[in-house]
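Q: The structure follows.
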Amino acid sequence: MNTLHGFAAVYLLSMSMGAQAQPVYTAEACCKLCPQAAQATFYEPPELKNYATLVEAKDQWLFRTRSDFRTDFGLDDSGYRALKRLRDGLAQRGVELVLVMPPSRGLLHADRLTPLELATFDPARARQNYVQTLDRVRDLGIQVADFSDLLGAPQPAGQPFYFKGDHNWTPYGADRSAQLVAQTLEGSDVLKALPHQTFTSQTAGLLGRSGTLQKAAAQICGNGYPAQYVSRYQTRAQGNAKGPAKVALIGTSASGELFNFAGFLEQYLETPVRNFSVPGGGYDDSLIAYLLGDDFQKDPPAVLVWETDNLDSLGKSSFYRQAMAALSDGCENQTPLLRSQANLHSGRNQVLFNGGGGNVYPIKGSRYQVDLRFADPGVHMMNATLTYMNGRQENISLSRSPTVNTQGRFAFELRGDGDWDDQTFLSMDVQPPPGMNATSLSTRLCVKPAITAAPSLRTAQTEEN
């Protein structure tokens with residue numbers, strides 16, 4: 001009894017105190033970035049290197065200072081020359097290249113930045129350089145979607161171009177980009193020649209997105225961000241089933257099914273589109289794999305829409321050495337000067353030698369290309385050493401995203417920059433892929449087809465009328 005009475009007394013006392021002074025609660029704002037997010041060392045893991053350095057702006061918008069606050073765009077002179085060579089090679093195959101390079105997240109959503117971020121980012125300079133880059137690419141004879149009218153324009157309420165915590169655009173961003181592609185080709189003969197079909201896009205529920213920037217922040221800080229929900233869309237052909245496509249799409253994850261970019265292209269171009277983008281494959285690896293495949297080689301499209309998130313990879317000579325060799329299907333249509341079939345063992349394996357049988361060919365520079373095919377179609381990395389007559393060597397390492405179907409095949413031009421074009425090829429050694437001690441490899445070296453400058457298909461067809 002005494003115990004019960006004591007318990008009751010304590011309870012009544014606490015109730016009396018509670019009546020006199022209400023408890024005070026404090027709440028911290030959700031999902032703030034931790035101090036570690038500002039430290040470069042936390043971005044050293046490979047999966048985080050593209051997210052340096054995260055900052056949080058208004059309304060929990062996340063930005064990457066290195067990528068989203070960039071003010072320089074485009075390529076150097078050699079990069080633009082290489083891009084034009086790729087465009088000319090596609091034109092020789094009857095393919096009109098259309099480049100889609102949307103503005104950076106910081107440039108398009110500068111209104112979400114606080115004075116702290118704007119102190120280290122110059123939107124005016126970024127805009128000027130971005131527009132100049134589009135003009136420079138357009139001067140190469142490449143059709144480029146014009147995003148300049150979106151810069152500085154207010155975004156519709158609840159319809160941002162990009163997700164607040166993801167590097168990808170929203171379905172609205174994909175929709176607007178598809179409209180700009182259609183405006184770029186509007187009235188052109190190449191568009192008029194495409195098979196006509198009507199498509200409609202309709203909402204198909206909601207798309208919840210826990211963005212890549214949000215996931216990176218969670219990995220560094222341990223706290224998460226709420227998913228952002230936007231309308232999801234699907235595009236369907238009206239009437240008959242979808243017809244054969246003469247428009248091909250290659251792009252980043254933004255061109256994936258989730259955002260319906262291919263569907264919006266069908267709606268505004270009024271023609272079927274086939275999407276060859278590979279999730280996680282990137283616009284560079286996906287393009288190389290597409291050019292090497294039967295879909296392109298046996299039935300090239302009339303229009304190739306190439307969606308990129310920037311031109312950085314296009315400044316690398318290794319990309320063009322592969323893309324140009326892939327464009328001509330390696331040595332499939334050429335008589336090889338050198339060839340071999342070898343079972344690789346651990347260590348270095350000589351697979352090509354210029355001088356076998358007493359024949360020494362004047363193999364110099366980028367007029368020649370190498371075509372390798374591993375028996376294992378799952379190989380995604382190739383390491384080789386090329387030796388020249390004067391003893392100079394080049395170590396070349398090519399890798400593709402694990403999501404890309406390589407068919408075990410790699411093709412690349414011999415090096416032609418600087419004085420490499422004057423070096424005479426002697427031999428090539430190959431090492432087995434990592435983790436693989438033995439596999440079969442077919443190797444060929446051949447002359448590559450000549451690429452001549454070609455006018456824009458759009459211009460050429462207009463002039464003929």
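Q: To test your reading of the geometry: what angle, between 0 and 90 degrees and rounded to tens, separates the Cα axis of helix 282-292 from the longest principal axis of the chain?
A: Relative to the chain, helix 282-292 is tipped by roughly 30 degrees.
Q: Let me ask you something else. Which residues in region 218-245 have a backbone N closer than 15 Å to a point placed 7 Å from the Cα of Q202 along the Cα-to-Cβ line?
A: 232-240
Q: Scan around L344 for amide H atoms under 5 Å from its own, H built in the peptide plane at 1.01 Å from N, and keep only partners 5 or more places away or cross-chain.
A: Correct list: T439, S440, L441.
Q: Work out from phi, with θ = phi - 60° and the Karplus expression 6.51 cos²θ - 1.76 cosθ + 1.60, the ³J(HN,Hα) of each residue of region 225-238, listed in order in whole Hz, and give x for Gly and Pro.
A: 10, x, 5, 9, 10, 9, 5, 9, 10, 10, 10, 10, 6, 7
Q: Using just the helices of the chain, give the 222 nm mean residue ellipticity in deg cm²/dmol: DSSP H runs with n ≥ 4 each add -39,500 (n - 2.57), and the total is spread over all residues, rounded to 500.
A: That comes out to -8500 deg cm²/dmol.
Q: Check which residues have an amide H placed less than 5 Å from Y233's amide H, if you skip close sequence neighbours.
A: Here the answer is A204, since their amide H atoms fall under 5 Å of that of Y233.
Q: Ok, one more. Please report, for the Cα atoms of the chain, the Rg to one decimal and the Dmax as a whole number; what are they, in angstrom?
A: 27.8, 113
Q: What nm value, rounded to one decimal, do you get for the distance between L48 and Q350 when each label is placed 7 Å out toward the C-beta?
A: Going by the 7 Å Cα→Cβ label model, 4.7 nm.
Q: I've got another one for you. Which FRET efficiency, nearest 0.05, do K192 and D146 yield, Cβ-Cβ r, R0 22 Å?
A: After rounding, the FRET efficiency stands at 0.60.
Q: Here is a further query. Given the convex hull over the Cα atoms of region 19-160, what projected area results after averaging over all orientations, in nm²?
A: 14.1 nm²
Q: Let me ask you something else. Could you tell me what percent of the DSSP beta bridges with both partners in region 49-327 are antiparallel, to the nearest 5?
A: Antiparallel bridges make up about 50 percent of those DSSP assigns within region 49-327.
Q: Output the 0 to 90 degree angle, nearest 10, between the alpha-carbon long axis of helix 77-92 and the longest principal axis computed from the alpha carbons of the chain.
A: Rounded to the nearest ten degrees, it is 70.
Q: Please list, short to long, the whole-number percent of alpha-carbon pairs of region 344-452 in consecutive 10 angstrom bins beginning at zero.
A: 14, 46, 32, 9, 0
Q: Subtracting the Cα-Cα distance from 0.36 nm times the residue separation, let me have the gained length for S401 to D422 in nm, one decimal.
A: 4.3 nm
Q: May I pose another question? Pull up the DSSP beta bridges for the chain and report the antiparallel fraction as a percent, rounded to 5.
A: 80 percent
Q: While we're looking at this one, here's another question. Could you give the nm distance between label points at R136 and A237, where each point is 7 Å from its Cα heading toward the beta carbon?
A: 4.1 nm
Bear in mind that the values in this text are calculations on the coordinates, not laboratory data. All values reported here derive from a predicted model rather than from experimental measurement. Glycine gets a Cβ as well: all are built from the backbone with ideal geometry, and neighbour counts include every protein chain shown.
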